[in-house]
Amino acid sequence: MFTQSMQELPRALQLLLARDQAPAPVAELPRRTFLKLGAASGFALGLFPLAAHSQGAAAPAALKPVEMPGAFVAIAPDGIVTVTVNRLEFGQGVQTALPMILAEELDADWSKVRSQLGTNDMAYADPRFGMHLTGGSNSIKHSFTQYRELGARARAMLVQAAATRWGVDAASLRTQNGAVLGAGGRRLGYGELAEAAMALPVPASVTLKDPKQFRLIGQPTTRLDAAAKSSGRQDFGIDVRRPGQLTAVVARPPVFGAKLKSVDDTVARAVKGVKAVLRVPLDRGAEGVAVIADGYWPAKTARDALKLEWDTSAVEKVDSARQLVQYRELAGQPGAKHFDADMAPLANAPKKIEAEFVFPYLAHAPMEPLNCTVELSEQGATLWVGSQMPGLDGMAAAHALGLKPEQVKVLVQSAGGGFGRRAIPTSDYVVEACSIAKVAQAAGLRVPVRTLWSREDDIKGGYYRPMHLHRAQVGFDAEGKVLAWDHVIVGQSILAGSPFEAMMVKNGVDITAVEGMRAPYPLPMRLTVHHPKQNVPVLWWRSVGSTHTAFVMETLIDQIARETNQDPVAYRMKLMGAEHPRHRAALQLAVDKSGYGKKQLPVGRAWGVAVHESFESVVAYVVEASVKDGQPVLHTVTAGVHCNLVVNPRTVEAQVQGAALMGLGMCLPGAAITLKDGVVEQQNFGDYTVARMTDMPAISVHTVPSADPPTGMGEPGLPPLAPAFANAVARLTGKPLRELPFKLA
Amino acid sequence: MTTLQVNGRAQQLDVDPSTPVLWALRDSLGLTGTKFGCGAALCGACTVHVDGQAVRSCVTPISSVEGKKITTIEAVTGGDDRVGRAVRDAWVKHDVAQCGYCQSGQIMSATAFLKTLPKGQQPAAADIDAAMAGNVCRCGTYARIRAAVADAARSLA
């Protein structure tokens with residue numbers, strides 16, 4: 001979701017703090033120097049921030065997570081190794097891959113490795129960004145070395161503890177499968193050594209394994225949560241149950257940002273189980289009503305029984321049809337320039353394509369409806385939430401609750417999907433839950449409150465992938481040489497007005513709107529951008545800008561190949577030249593494994609090809625599609641993937657399978673959020689289409705072997721699917737598809 | 001008071017009779033393995049068995065299932081249900097779950113489907129797809145679901 005220029009992100013936190021006038025700058029957040037290995041006591045790692053306080057260990061030293069193995073690995077006397085993951089687990093498999101990486105260097109017995117999620121403690125910040133973040137397909141990319149070093153350091157401490165116990169030189173010892181081995185067959189399990197090891201200083205430098213020695217990394221490994229998630233035993237944020245907990249369901253205005261004119265709660269209050277009906281401030285200056293009850297059903301029933309009048313006079317009422325007209329008008333005007341090139345050759349180009357593309361708003365619609373549980377106490381607040389940015393959410397919660405940042409503890413919960421919706425610069429649903437907890441407390445309800453959204457609340461709740469319009473004029477010659485490419489993008493900025501604006505909106509261009517443009521082809525492109533303001537909250541959505549830029553690039557490149565009678569694979573290879581070996585390798589692998597160009601397809605089927613890099617990984621798809629009863633059908637997908645070293649092949653395969661399905665979902669009828677007079681027209685999975693089992697093509701996933709440090713795979717499988725599918729359909733119909741979801745004229 | 005038979009036990013519930021089975025299970029009985037996804041029988045995350053039939057518990061009032069046998073994911077995968085265990089094992093073997101949130105419902109649909117097959121009969125791929133089409137997985141685990149259902153059927157033959 002984030003790109004490289006977010007390396008400056010820690011500044012974003014400072015900006016947020018300045019904006020919200022929160023009490024403490026980042027540098028003064030509570031920090032610990034060293035956390036002991038939690039061995040004998042079975043010390044709960046999730047409680048470290050408070051424990052550190054009580055021990056007076058909150059020294060303001062520079063925090064270096066790689067030097068805090070105790071915050072990440074706990075070894076119990078029975079040898080069970082618990083690894084704390086500094087990310088949200090929401091399907092992408094980091095809660096298995098990161099422990100694999102740590103266990104590799106620790107030489108742990110994999111059958112004894114468990115994992116748990118962390119907190120908003122600074123130990124669990126992304127080591128490269130300096131803030132808590134699960135996004136941008138960065139988890140493995142940024143924490144690969146970190147988790148290797150953590151494992152290696154913990155291992156060195158265990159070896160030293162054994163050396164001391166036996167009175168021998170540590171250099172004479174080796175480790176294997178969760179034990180230290182010495183001369184004469186002597187053996188000590190890690191569980192027996194952990195307590196002594198934890199008292200030792202953490203070594204400053206350690207030697208990491210030669211990747212040739214890896215025995216876990218690279219092995220197809222079953223997820224650590226597979227059994228729990230196959231038996232209903234996995235808990236998610238929505239499953240948190242605190243003593244006395246109540247549930248809040250909120251009536252939000254029909255138009256974003258609107259105010260409440262009047263409330264009649266007579267019927268709502270009479271619903272059995274309802275404890276309070278309270279006005280609450282909502283996201284973006286809106287107002288709403290929270291119904292608090294002893295369960296979701298009474299709260300929701302009462303919410304739906306509220307008689308509400310809204311004041312929408314002060315807010316813009318977006319209308320999708322009008323918006324498209326406005327975007328078309330904007331596309332004809334001068335915009336902010338991102339790329340520049342000489343456009344003079346357009347006038348006399350032998351061949352020309354003029355194209356307009358339209359992409360709708362898209363909801364993330366994670367399967368677990370949004371929720372956040374807030375418990376207030378004398379000391380502060382504890383939040384249970386499946387958050388991609390628990391540090392930012394914790395600070396936003398502190399601001400909403402009038403607390404200091406260090407008084408808010410965020411316990412990151414496994415989430416039922418997210419796709420970007422749980423990384424919100426405004427922390428919308430977390431702040432909402434805190435506001436509700438606050439008004440509930442003021443009303444005398446001194447109990448934990450879980451705020452829970454209905455599916456309709458989620459679909460209508462905003463923070464969509466922005467609607468976009470692209471317009472392109474491409475001039476080229478008979479050999480397909482592009483002479484000039486004039487391109488305009490119109491769409492809301494995701495980052496404008498957010499704490500990330502200063503870093504990621506450059507010269508009026510939000511880089512999340514243009515990522516994926518032009519590359520990997522050396523094209524003479526002029527790219528201008530318009531970011532109109534609209535009263536619709538927008539957000540990154542799995543693979544962000546590449547959700548639309550990959551479609552535009554890869555369908556236009558394909559059309560040039562068709563119009564110049566060139567093979568689409570050969571044409572791409574020719575354009576890329578020798579500059580992009582990873583793209584070439586991924587595409588070639590997909591071609592080889594699919595049988596493209598060799599296999600005879602059944603009548604009515606056509607090949608489609610696309611290749612795209614996002615978040616430093618490359619995915620190429622070769623697909624087979626047909627058109628049946630006027631509807632495009634996707635039959636097979638062959639993926640060629642370049643993500644450097646693969647940590648867990650099963651997870652990479654799963655991420656590509658899933659991302660391909662989500663990409664396919666964008667093509668299906670009904671995969672659009674539209675607005676009429678300011679009101680979102682869709683409600684639920686009945687009118688907002690997502691891919692289902694019956695849409696599923698046969699998918700095979702192949703990775704290019706590599707020993708280079710891994711890049712991420714949470715998102716890169718999504719962008720090239722829709723253009724590959726569209727290119728196959730265009731070959732059948734002779735007409736390019738220029739809109740998502742697909743519309744066959 | 002409504003009395004429900006849940007996983008072989010009688011449970012007294014002092015909630016409105018219109019309360020969906022889903023919320024009786026989750027909020028009253030603490031059986032949180034059954035998931036809330038859409039509240040409108042559109043996604044299948046809340047699937048339970050009522051007298052052996054797969055039912056969307058989010059739209060099934062408790063008043064409509066008094067005297068019927070309700071079975072949840074906890075009993076199907078954690079007890080002596082041979083089909084449920086086979087499905088669970090296949091799910092683990094194929095590493096189906098990603099976020100895992102929808103998988104309780106997927107497993108309940110798959111189990112109910114396999115129980116409708118005559119003994120020894122292997123389901124066609126299209127039949128598996130049709131049986132599972134009502135269950136949404138936003139992570140897109142369908143390829144593995146398809147393989148796991150077929151594998152579970154083979155293991156039961």
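The values are calculated or read from the model by the stated rules, or taken from the named source; none is laboratory data. For clarity, every value in this text was computed on a predicted model and none was experimentally measured. FYI the Cβ positions are ideal-geometry reconstructions off the backbone, even for glycines, and counts take in every protein chain you see. The accessibility values were calculated without ligands, DNA or RNA, using every heavy atom of the protein model including side chains. Shrake-Rupley method; radii C 1.70, N 1.55, O 1.52, S 1.80 Å.
Evaluate the charge dipole of the stretch B:13-157 about its Cα centre and quote only its size in Debye, nearest 20, assuming +1 on the Cβ of each Lys and Arg and -1 on the Cβ of each Asp and Glu. If you can, show how the numbers build up before the last one.
On the way: 15 positive and 13 negative charges, 87 e Å.
Rounded to the nearest 20 debye, it is 420 debye.
Please compute the alpha carbon radius of gyration of chain A, then divide it by the globular-protein estimate 2.2 N^0.38 Å. Two decimals is fine.
Relative to the rule-of-thumb radius for its length, chain A sits at 0.99.
In the calculated pair distance distribution of the stretch A:533-659, what percentage of Cα-Cα distances lie above 21 Å?
Here the tail beyond 21 Å accounts for 46 percent of pairs.
Which residues, if any, in the stretch B:125-142 lose at least 20 square angstrom of accessible heavy-atom surface (probe 1.4 Å) when the other protein chains sit next to their chain rather than the chain being alone?
Flagged in the stretch B:125-142: B:Asp129, B:Ala133, B:Val136, B:Arg138, B:Cys139, B:Gly140, B:Tyr142.
Taking R0 as 56 Å, what FRET efficiency do you get between A:Ser377 and A:Ala183 from their Cβ-Cβ distance, rounded to the nearest 0.05?
0.55
Which one of A:Ala341, A:Leu556, B:Ala147 is farthest out on the positive end of the charge dipole of the protein assembly as shown, using unit charges on Cβ (Lys, Arg +1; Asp, Glu -1) and the Cα centre as origin?
B:Ala147
For the residue pair B:Lys115 and A:Thr145, what label-to-label distance in nm results when each label sits 7 Å from Cα along the Cα-to-beta-carbon direction?
5.5
For A:Val627, put the label point 7 Å out on the Cα→Cβ axis and report which residues of the stretch A:569-605 keep their amide N under 19 Å from it.
A:601-605
Please arrange A:Glu406, A:Glu378 by accessible surface area, largest first, computed with a 1.4 Å probe and ligands excluded.
Largest accessible area first, the residues go A:Glu378, A:Glu406.
Looking at the protein assembly as shown, what % of its DSSP beta bridges pair antiparallel, to the nearest 5?
Details: 95 of 124 bridges.
Antiparallel: roughly 75 percent of the beta bridges in the protein assembly as shown.
Using only protein heavy atoms and a 1.4 angstrom probe, determine the accessible area buried between A and B, summed over both sides, in Å² to the nearest 100.
Buried surface at the A/B interface: approximately 4400 Å².
Determine the percent antiparallel among the DSSP beta bridges restricted to the stretch B:1-122, to the nearest 5.
Beta bridges within the stretch B:1-122, antiparallel portion: roughly 85 percent.
Please report the accessible area of A:Asp340 (heavy atoms, 1.4 Å probe, ligands and nucleic acids excluded) in Å², nearest 10.
For A:Asp340, the solvent-accessible surface is approximately 100 Å².
Length gain on complete extension for the stretch A:Asp708 to A:Gln441, per 0.36 nm per residue less the alpha carbon to alpha carbon distance?
Residue separation times 0.36 nm, minus the Cα-Cα distance, leaves 90.8 nm.
Write down the Å³ per residue value for the convex hull defined by the alpha carbon atoms of chain B.
99
Treating only the Cβ of Lys, Arg, Asp and Glu as charged (+1, +1, -1, -1), what charge dipole size does the stretch B:2-75 show about its Cα centre? Round to the nearest 20 debye.
For this selection, approximately 200 debye.
For the protein assembly as shown, what does the accessible surface come to per residue with a 1.4 Å probe? Please give it in Å².
Dividing the accessible area of the protein assembly as shown by its residue count gives 35 Å².
Given H placed 1.01 Å from N in the peptide plane, which residues other than close sequence neighbours of A:Glu89 have an amide H under 5 Å from its amide H?
A:Ala415
Per-residue mean of other chain beta-carbon atoms within 10 angstrom of the beta-carbon, peptide B:87-95?
Mean number of neighbouring Cβ atoms from other chains: 5.
Roll a 1.4 angstrom probe over the protein heavy atoms and tell me the percent of accessible area of the protein assembly as shown that is carbon or sulfur.
Roughly 51 percent of what the probe reaches on the protein assembly as shown is carbon or sulfur.
So what's the back-of-envelope 222 nm ellipticity for the protein assembly as shown, counting only DSSP H runs of four-plus at -39500 (n - 2.57) apiece and dividing by all residues, rounded to 500?
-9000 deg cm²/dmol
With a Förster radius of 51 Å, plug the Cβ-Cβ distance of B:Gln12 and A:Arg165 into 1/(1 + (r/R0)^6) and report the FRET value to the nearest 0.05.
Efficiency, rounded to the nearest 0.05: 0.30.
Need one number for the stretch B:2-75: average projected area of the convex hull over its C-alpha atoms, nm². Intermediate results must be reported in sequence, preceding the final value.
On the way: hull surface 16.3 nm².
Quarter of the Cα hull surface area: 4.1 nm².
Would you list the P(r) distribution for the stretch B:79-156, with all Cα-Cα distances sorted into 5 Å bins from 0 and each bin expressed as a whole %?
That works out to 3, 18, 32, 28, 14, 4, 1, in percent per bin.
Residue separation times 0.36 nm, minus the C-alpha to C-alpha distance between A:Arg279 and A:Ala355: what's the value? Spell out each step's value before the answer.
Working: separation 76, 0.36 × 76 = 27.36 nm, distance 4.88 nm.
Here the segment from A:Arg279 to A:Ala355 would lengthen by 22.5 nm.
Can you give the average number of partner chain beta-carbon atoms within 10 Å of each beta-carbon in peptide A:686-696, as a whole number?
6
For the stretch A:722-738 and the stretch A:672-709, what is the separation of their C-alpha centers, rounded to whole Å?
After rounding, the separation between the Cα centres reads 18 Å.
Once ligands and nucleic acids are excluded and a 1.4 Å probe is used, how much of B:Tyr142 is accessible, expressed in Å² to the nearest 10?
0
Say R0 is 56 Å: what FRET efficiency, to the nearest 0.05, do A:Gln600 and A:Asp677 get from their beta-carbon distance?
In this case the efficiency is close to 0.60.
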